[in-house]
Amino acid sequence: MLKLYGSTTSPFVRRLRLLLVDHDHEFINMQIFEGADRELLRSLNPTLKIPMLDDDGEVIFDSRVIFRYLSEKLGLTRLSWAQENTLTLIDSVNDALVQALLMKRSDVVADSAKLIFRLQQERIETVFAELEKLAADGEFDQWDYPAICLYCLLDWVLFRELHDVQTYPSLMAFHAKHATKAESQATDPRE
């Protein structure tokens with residue numbers, strides 16, 4: 001049986017939970033920053049990151065690689081190169097915001113005079129502007145993996161209050177459309 005390791009609050013994990021909603025699997029919710037779950041993570045995954053997937057002893061790291069693995073295993077439609085690029089956009093802003101959250105939790109004060117903070121902020125704003133254009137052009141009209149990933153990103157940003165996405169009407173309309181789905185509610189990180 002497929003075992004998906006992660007946390008209920010991770011947008012990278014949630015996208016796979018949504019992908020697997022109609023497939024038999026076990027979800028192992030972990031507290032990855034300390035204790036026994038940290039040691040389990042260390043024993044299974046040298047990157048010390050979630051998600052990870054265990055398929056009868058074959059452990060796969062990283063949501064993007066897990067998606068490729070599941071696509072082959074479950075016979076899912078392969079992504080086009082344009083969709084792959086869209087996932088790169090989503091992943092890059094998601095990574096930047098994860099780092100922002102970790103810095104905030106580590107009491108590192110964001111200083112826009114510092115290069116690292118300027119570059120991350122520029123990436124966040126540029127990518128959200130591009131995702132807004134793609135959403136307005138109908139890029140996410142189908143509930144496919146890129147749309148699932150976008151939904152998880154937006155919902156997580158709103159949940160963590162990491163960026164003002166209210167200024168992007170097409171993204172907010174997309175989020176509102178999918179927030180009422182049963183699977184979106186069942187995987188809500190606020191619960």
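Observations on the model:
- Cβ separations smaller than 9 Å between residues 6+ apart or across chains give the following pairs from region 160-172 residues that are without any contact (Cβ under 8 Å) to a residue 40 or more places away in the chain to residues that are in a loop (DSSP other than H, G, I, E, B) and open to solvent by less than 40 Å² (accessible area, probe 1.4 Å): Ser170/Phe140; Met172/Val165.
- Of everything in region 1-46 that is of a type in the set (S, T, N, Q) and not in a helix (DSSP H, G or I), the residue that is surrounded by the fewest Cβ atoms within 10 Å (Cβ to Cβ) is Gln31.
- Scope region 18-31; condition under 16 Å from the mean Cα position of the chain (by Cα) and in contact (Cβ under 8 Å) with a residue 40 or more places away in the chain; matching residues: Leu18, Leu19, Leu20, Val21
- Close pairs from region 32-53: first within 21 Å of Leu70 (Cα to Cα), partner open to solvent by 60 Å² or more (accessible area, probe 1.4 Å) and outside any loop (DSSP other than H, G, I, E, B), Cβ under 6 Å, at least 6 apart: Asn45/Phe61; Thr47/Phe61; Met52/Phe61
- Qualifying positions in region 47-58 - open to solvent by 80 Å² or more (accessible area, probe 1.4 Å), part of a loop (DSSP other than H, G, I, E, B) and on the phi < 0 side of the Ramachandran plot: Lys49
- Within region 59-85, the set of residues being of a type in the set (A, V, I, L, M, F, W, C), within 17 Å of Glu26 (Cα to Cα) and outside any strand (DSSP E or B) comprises Ile66, Phe67, Leu70, Leu74.
- Elements of type helices (runs of 4 or more DSSP H) contained in region 92-191, each with 1 or more residues being open to solvent by 70 Å² or more (accessible area, probe 1.4 Å) and modelled with pLDDT of 95 or more: 115-136, 169-179, 182-186
The values are calculated or read from the model by the stated rules, or taken from the named source; none is laboratory data. Everything quoted here is computed from the prediction, not taken from an experiment. A quick note on method: Cβ atoms are made from the backbone with ideal geometry, for glycine too, and the neighbour counts reach across all protein chains shown. Keep in mind that these areas ignore ligands, DNA and RNA; they rest on the heavy atoms of the full protein, side chains included. Shrake-Rupley method; radii C 1.70, N 1.55, O 1.52, S 1.80 Å.
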